[in-house]
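Input: a single structure, listed below in structure tokens.
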Amino acid sequence: MRQTDPDDKANLLRRHRLSHVADLKMSEDFLDRRFASGCSMANCNAACCRYGVMVDILEKERILAHADLVRKHMEPHQEHDEALWFEEEEFDKDFPSGRAIGTQHRDYGCVFLDSRGRCVLQKAATEEGMEKFALKPFFCVAYPVTIENGHLEIDEPGFTSDRTGCCATVDEGDLTILDVCGEELRFVLGKDGFDELRLKARGEHDFK
């Protein structure tokens, strides 16, 4: 029987909440990447929302079920026709249902992005007394943390390369992914998964 490489076990996360990912592994450099001093997700300028996002089919259905509420909080320039909010469906094992679909985008960015760079899905949920991420897609909340082919990674598209105050990594920096993206990682992994990640960051690998 093939022996598992200790490095594979060191990168494997077992206590996360993502039941559709059987073996979630960190990318090899996930815990080694660094961010500039003062970097914070609070400095986001919504550049990551420019081209929309891939959402699970169930997330699409939840958004459409609240279409009237979403439109209520949209600005006049935003796309109000829900038939034009999403693109074509495709298969993707990184999503719980195994099916994903992209949100459409316009010259101002994702159809759900307002003129202040805020997500109207989160704005609508918050102002209507819902949990703030009740309508917001998983990968929007998680960014720059992402899941790619079952691996936990940091997403760095070219258009955010100059955002060292927000989400872009640097060659040398004082902050880690745990420092900058604690809320995002807790959301993605759950409390137990986040605690496991912190143990691995301290070198306390569990090879059981």
Query raised in the report: What ranking of His77, His20 emerges when the number of other C-beta atoms within 10 Å of each C-beta is taken as an exposure proxy, fewest first?
Result: His77, His20
Query - Largest-first principal axis extents, alpha carbons of region 102-208, Å - result: 46, 33, 27
Query raised in the report: When the chain is treated as a GNM, springs tying every alpha-carbon pair under 10 Å, which of Thr146, Thr103, Thr126 comes out with the largest mean-square fluctuation?
Result: Thr126
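In the structure shown, do any of Lys93/Lys191; Lys9/Lys60; Lys72/Lys93 have a Cα-Cα gap over 28 Å, and if so which?
Cα-Cα > 28 Å for Lys9/Lys60; Lys72/Lys93; rest within.
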**Report entry** Span from the region 105-132 Cα centroid across to the region 149-176 one, whole angstrom
**Finding:** 23 Å
Query - Where GluC sites (Glu not before Pro) in DSSP loops with at most 16 other Cβ within 10 Å are excluded, longest remaining stretch of the chain - result: 29-127
Report task. Find, among the trypsin sites (Lys or Arg not before Pro) in region 1-87, those assigned to loop by DSSP (not H, G, I, E, B) with at most 12 other beta-carbon atoms within 10 angstrom. Result -> Arg2, Arg14
Query raised in the report: What number, rounded to the nearest 500 deg cm²/dmol, is the helix-based mean residue ellipticity at 222 nm of the chain, given -39500 (n - 2.57) per DSSP H run of at least four residues and division by all its residues?
Result: -7500 deg cm²/dmol
Query raised in the report: How many percent of Cα pairs in region 28-133 exceed 16 Å?
Result: 64 percent
Report summary line: Whole-Hz Karplus couplings 3J(HN,Hα) for region 28-40, θ = phi - 60° and coefficients 6.51, -1.76, 1.60, Gly and Pro as x, run 4, 9, 4, 7, 8, 5, 10, 10, 5, 4, x, 5, 7
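Using the Cα centre of the chain as the reference point, and only Cβ charges (+1 on K/R, -1 on D/E), how large is the resulting charge dipole? Debye, rounded to the nearest 20. Present the calculation step by step, with values, prior to reporting the outcome.
Details: 28 positive and 42 negative charges, 124 e Å.
The calculated dipole for the chain is roughly 600 debye.
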Query raised in the report: For region 54-134, with the dipole built from +1 on Lys and Arg beta-carbon atoms and -1 on Asp and Glu ones, taken about the Cα centre, which of Thr126, His77, Gly102 lies farthest toward the positive end?
Result: Thr126
Query raised in the report: Hey, rough spin-label estimate for Arg116 and Leu178, points 7 angstrom out along Cα→Cβ, what's it come to in nanometres?
Result: 3.5 nm
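Quick note: the coordinates plus some simple rules give every number you see, no bench work behind them. Nothing here was measured: the structure is a model prediction, and the numbers come from that model. We place every Cβ from the backbone using ideal geometry, glycine too, and count neighbours over all the protein chains shown.
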